[in-house]
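Quick notes on the structure that follows.
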Amino acid sequence: MANNGGSSYKSNSATERLYNGLVKENPTFVLMLGMCPTLAVTTSAVNGLGMGLTTMVVLALSNMIISLLRNIIPDKVRIPAFIVVIASFVTMVELLLEGFLPALYDALGLYIPLIVVNCIILGRAESYASKNPVIPSLFDGIGMGLGFSFALTCIGAVRELVGAGEIFGLHIMPDGYVPCAIFIMAPGAFFVLAGLTALQNKIRIQGEKKGKDMSKIQSGCSEDCMNCGEKGCSHRFYGASDGNGGETGKSSGRQGQAGKDGKGRG
Amino acid sequence: MSELKKVSSNPHIRSKVTTSSIMLAVVVALLPAAGFGIYNFGLDALILIAVTVATTVITEYTYEKFMGKDITIGDYSAVVTGLLLGLNLPSTAPWWIGAVGGVFAILVVKMLFGGLGQNFMNPALAGRCFLLISFTSIMTNFDCDAYTGATPLAALKNGESVNVLDMVIGRTSGTIGETSMIAIVIGACFLVLLGVIDLRISGSYILSFIVFLCLFGGHGMDAAYISAHLAGGGLMLGAFFMATDYVTRPITKAGQYVFGILLGCLTGIFRLFGPSAEGVSYAIIIGNLLTPLIEKATLPKAFGTKGGKRA
């Protein structure tokens, strides 16, 4: 990896992975993955944080195990193999939550077993953990999990603030405030997610205007297979780590596209 | 060559009807209902209507200014939205309810989808439903100085008797603009005579609602029961002023009949079998959402093509 988009972080280092998951490729606001728990459980900041951290634990552990097994798992049955690993961790986490945090367990309900099919976890297993060493994979999982937790907590906090006048159960709004109950119902999740995503895009576009590099570091790939120079990528989205040649051209192509986007919206 | 006259491209004959003239006609047509509401409920109603109209216009202006778009408040569509929203609020609501509803209606429902002509549901109704879900107790509190107790429709739902004459004139509790059937029908006649709206949607809506009541209302063809349902609640206001919104109604003639019948049945279902007494707003909003489908299903057959297939 000669060029990782001009970032000051060393590619695949622990810090780079954390930064990538939290900011550059935030699974909720940038990649738009895992929308089902994002919209369903963020009725309060605590629920959002709980869901995010639960997912983070599963994500980090499953990334680690899948990375360890990446040379053993046959390509053709990799998805079932990933699911088995993920489901095992979800079962463990579910039992632990039920035993030690019953309140959170009740609040999250059905959405804990549904972590098995959370596309962030499967997505990271497929596009990162199955092709990279253990330590970066572990930190990729933690970074993505932190990004997910951060996003869910933000959405939960805004919804709780507007819909109930509280954040983390603390009364924030003045006494005369009448809670706008729609925000803790389903439509509110869409309003807040859309609003925060727009804010995130605004920040990104302003950053691009100032000349900062706001492109994604490694978003799997640009999905532009025609111009992709990745070696050893036959059917997977994200090539192996020996893809030196294509990396530079790919990231500049992505930046060009991002620039166009910015102009179109500005 | 020099003898050739320059011919500009069509259209060659332009109608004098513009968006603003249509919207202005709607505003004028709503004035009787608004006037009666103010007469009926007093100063509170006037303040609420003023707040909603001011908020919708200011929101549209601010958004367009901020986004560097053309200012379109001159087409009066924001005034119509504000007026309709104001007429759909109970007079007891505090002023900020009108402001919140107006901002939501214009900013979220209309401007974020691209402004007039792009909104997928009626902004005023979406604003009302937003308020109804968010602030249920405020939005269903009809106890004002003039009237206490349930709205006629709620009383009807509980099996109590209602005074139909009062309901037709408008001397009942309810939202500001919905109580007086007479005032609404006067405005509607004005619009029909001007050709701004036709009776395809309104007529099929009301007729199908009557048929639905006869079939499932449990009172058979009882004229008093049916007329109470027609005069009560937002049916008249919805049928003439909101279901006929140019942007969110189907554009095909057949589609407009389908749309009206759908609204009539939905309103009947909500009023008879739903938990609340009123259902016009939700019926129209659901109808708005189905409008693209209705249009697709009722595309007229182009002349010369076979079997209604698209050329």
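Just counting partner chain Cβ atoms within 10 Å, what average do the residues of peptide B:125-134 show around their Cβ?
Neighbouring Cβ atoms belonging to other protein chains average 3 per residue here.
Dividing the Cα radius of gyration by the Kirkwood radius, what Rg/Rh value follows for the protein assembly as shown?
That ratio equals 1.06.
Each 5 Å bin, from zero up to the one with the longest distance, holds this percent of the alpha carbon pairs of segment A:108-185: 3, 14, 15, 17, 13, 12, 10, 8, 5, 2, 1, 0.
Amide hydrogen proximity for residue A:167: with H placed 1.01 Å from N in the peptide plane, the residues at 5 or more positions away or on another chain lying under 5 Å are A:172. Under 17 Å between alpha carbons, and skipping anything fewer than 8 positions from residue A:210 in its own chain: which aspartates and glutamates qualify? In chain and number order, the partners are A:261. From largest to smallest, the equivalent ellipsoid semi-axes obtained for segment A:66-215 from the alpha-carbon gyration tensor read 34, 24, 12 Å. Charged neighbours of residue B:117, selected by a Cβ distance under 15 Å, balance to -3 (K, R count +1; D, E count -1). Once you have a ≥ b ≥ c as the square roots of the Cα gyration tensor eigenvalues for segment B:113-260, tell me rounded if a/c is under 1.5, and otherwise prolate or oblate according to whether a/b is larger than b/c. In terms of gyration-tensor shape, oblate.
Under the definition of Cα pairs under 8 Å and six or more residues apart, what whole-number percent is the relative contact order of chain B? The normalised contact order for chain B reaches 17 percent. Centre-to-centre, using Cα atoms only, segment B:35-67 and segment B:210-252 are separated by 27 Å. Assuming charge only on the beta carbon of Lys and Arg (+1) and of Asp and Glu (-1), the dipole of segment B:129-232 about its Cα centre is about 200 debye to the nearest 20. Pairwise Cα distances in segment B:95-148 exceed 17 Å for 42 percent of all pairs. Our coupling estimate for segment A:44-49, obtained by passing each phi through the Karplus curve with A = 6.51, B = -1.76, C = 1.60 and θ = phi - 60°, is 8, 4, 5, 4, x, 4 Hz, Gly and Pro reported as x. Could you pull out the pairs from B:16/B:69; B:5/B:69; B:110/B:296; A:24/A:131; A:131/A:202; B:110/B:253 whose alpha carbons sit more than 29 Å apart here? Distance filter (> 29 Å) returns B:5/B:69; A:131/A:202. Evaluating 6.51 cos²θ - 1.76 cosθ + 1.60 at θ = phi - 60° for every residue in segment B:148-163, the Karplus couplings come out as 10, x, 6, 5, x, 5, 5, 4, 4, 5, 7, x, 7, 8, 10, 8 Hz, glycine and proline recorded as x. Helix B:43-67 and the longest principal axis of the Cα set of chain B meet at an angle near 30°.
With a/c under 1.5 counting as rounded, go ahead and sort chain B into rounded, prolate or oblate using the C-alpha gyration tensor (a ≥ b ≥ c being the square roots of the eigenvalues; past the cut-off, prolate if a/b is larger than b/c, else oblate). The shape class here is oblate. 3J(HN,Hα) along segment A:146-162, derived from phi through the Karplus expression 6.51 cos²θ - 1.76 cosθ + 1.60 where θ = phi - 60°, amounts to 5, x, 5, 4, 4, 5, 5, 5, 4, 4, x, 5, 5, 5, 5, 5, 6 Hz, with x in place of Gly and Pro. Near the amide H of residue B:175, within less than 5 Å, lie no amide hydrogens of residues on another chain or at least 5 residues away, with H placed in the peptide plane. Overall form of segment A:4-94: oblate. Here a/c, set by the Cα gyration tensor axes a ≥ b ≥ c, is 1.5 or more, and a/b is not larger than b/c. Orientation-averaged projection of segment B:1-140 equals 11.2 nm² [convex hull of Cα atoms, one quarter of hull surface area].
Read-outs throughout are calculated quantities, based only on the coordinates presented, and are distinct from any laboratory measurement. As the structure is a computational prediction, the values presented were derived from the model and not from experiment. All Cβ positions, glycine included, derive from the backbone under ideal geometry; neighbour counts span all protein chains shown.
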